[in-house]
1. Has region 173-193 got any residue that is closer than 20 Å to residue 149 by Cα, part of a loop (DSSP other than H, G, I, E, B) and in contact with a strand residue (DSSP E or B) (Cβ under 7 Å, 6 or more places away or on another chain)?
2. Assess whether residue 73 counts as being at pLDDT 95 or above, within 14 Å of the ligand (Cβ to nearest atom) and under 29 Å from residue 24 (Cβ atoms).
3. Which of the residues that make up region 32-44 are within 9 Å of the ligand (Cβ to nearest atom) and either modelled with pLDDT under 95 or more than 16 Å from residue 215 (Cβ to Cβ) (or both)?
4. Can you name the residue in region 77-92 that is surrounded by 15 or more Cβ atoms within 10 Å (Cβ to Cβ) and more than 10 Å from the ligand (Cβ to nearest atom) and, of all such residues, is modelled with the highest pLDDT?
5. Give the number of residues within region 26-46 that are crowded, with 18+ Cβ neighbours inside 10 Å and more than 15 Å from the chain's Cα centre (by Cα).
6. As an exercise: evaluate residue 103 against (1) in a helix (DSSP H, G or I); (2) at pLDDT 95 or above; (3) surrounded by 15 or more Cβ atoms within 10 Å (Cβ to Cβ); (4) within 13 Å of the ligand (Cβ to nearest atom) and give the number of the one condition it does not meet.
Ligand code: FPP
């Protein structure tokens with residue numbers, strides 16, 4: 001039986017969607033958006049033109065993901081390292097671009113019932129960006145559909161350091177360090193992503209085979225999908241192709257699949 005195609009998908013998206021099992025869509029997709037600079041270089045344009053084109057991809061992907069009912073989408077927009085290693089003019093441009101995106105995009109987020117969240121060391125961002133972020137978060141806070149989380153000034157190692165600090169502080173406020181018990185559940189609760197399930201699928205564009213300090217704890221059992229497509233060219237069809245590939249995987253979480261278990265029982 002063919003899956004009913006959600007409203008709003010274009011013909012090519014609908015074609016791929018019909019090959020998917022709607023019961024086994026990932027609950028959380030994380031994306032490392034890469035290749036803006038290379039996209040611009042190929043066209044003899046400045047790098048910032050690639051970032052501007054990347055915003056259009058963000059819009060398409062957010063709409064497609066929410067239309068097909070993905071509960072959570074997390075986008076790696078700026079790493080902590082981006083601040084330190086890129087020219088100030090590029091970082092300034094990215095900040096203005098983000099601020100403009102937040103202002104312009106709220107109506108589209110509402111239309112798609114999307115709720116906005118952020119992860120990262122947000123207090124280190126320029127105040128004008130923090131204000132716009134808070135405004136957009138508050139504006140979308142009553143939406144009940146997909147949670148769109150933007151990773152901004154984000155580093156997975158810093159997140160773990162902050163989680164350990166937060167656990168110590170919580171213990172100090174709760175009878176002292178001798179009451180501190182640490183297990184996986186405690187660590188997860190103190191991460192920036194405490195509002196999210198762990199990603200089932202991580203997508204990286206532009207062909208690089210790296211995690212680049214992104215969600216290192218949370219991606220422990222995620223399926224990895226790398227596409228050569230550069231981020232400014234990434235659209236809903238590419239997202240759906242990634243999901244189709246994910247659905248072919250055999251997720252075992254360190255155990256055996258059903259046929260292996262049956263064989264193991266027989267032997
Ligand atoms: C990586 O490409 C991309 C970034 C560092 C920035 C990502 C930003 C956007 C997609 C636009 C803004 C986002 C939002 C949510 C408004 P790169 O510059 O590292 O590309 P390269 O590896 O080809 O040089």
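1. In the first step, residues of region 173-193 are kept if they are closer than 20 Å to residue 149 by Cα; the result is 187-193.
If we keep only those that are part of a loop (DSSP other than H, G, I, E, B) too, we end up with 191-193.
Filter again for in contact with a strand residue (DSSP E or B) (Cβ under 7 Å, 6 or more places away or on another chain), leaving 192-193.
Checked against the condition, which is being closer than 20 Å to residue 149 by Cα, part of a loop (DSSP other than H, G, I, E, B) and in contact with a strand residue (DSSP E or B) (Cβ under 7 Å, 6 or more places away or on another chain), region 173-193 yields at least one hit.
2. On the way: at pLDDT 95 or above: yes; within 14 Å of the ligand (Cβ to nearest atom): yes; under 29 Å from residue 24 (Cβ atoms): yes.
Criteria met by residue 73.
3. Going through region 32-44, the residues within 9 Å of the ligand (Cβ to nearest atom) turn out to be 32-41.
If the condition is that a residue be within 9 Å of the ligand (Cβ to nearest atom) and either modelled with pLDDT under 95 or more than 16 Å from residue 215 (Cβ to Cβ) (or both), then 35, 36, 37, 38, 39, 40, 41 are the ones that fit.
4. The residue in question is 80.
5. 5
6. It is condition (3) that residue 103 fails.
Every residue, every condition in (1) farther than 28 Å from residue 25 by Cα; (2) within 16 Å of the ligand (Cβ to nearest atom); (3) at pLDDT 95 or above, yes or no:
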position: 110; (1), (2), (3): no, no, yes
position: 119; (1), (2), (3): no, yes, yes
position: 128; (1), (2), (3): yes, yes, yes
position: 141; (1), (2), (3): no, no, yes
position: 152; (1), (2), (3): no, yes, yes
position: 165; (1), (2), (3): yes, no, yes
position: 169; (1), (2), (3): yes, no, no
position: 176; (1), (2), (3): yes, no, no
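To keep it simple, each residue is scored yes or no on (1) on the phi > 0 side of the Ramachandran plot; (2) without any contact (Cβ under 8 Å) to a residue 40 or more places away in the chain; (3) more than 16 Å from the ligand (Cβ to nearest atom).
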{"position": "200", "(1), (2), (3)": "no, no, yes"}
{"position": "204", "(1), (2), (3)": "no, no, no"}
{"position": "240", "(1), (2), (3)": "no, no, yes"}
{"position": "249", "(1), (2), (3)": "no, yes, yes"}
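The values are calculated or read from the model by the stated rules, or taken from the named source; none is laboratory data. As the structure is a prediction and not an experimental result, all values here were calculated from the model. A quick note on method: Cβ atoms are made from the backbone with ideal geometry, for glycine too, and the neighbour counts reach across all protein chains shown.
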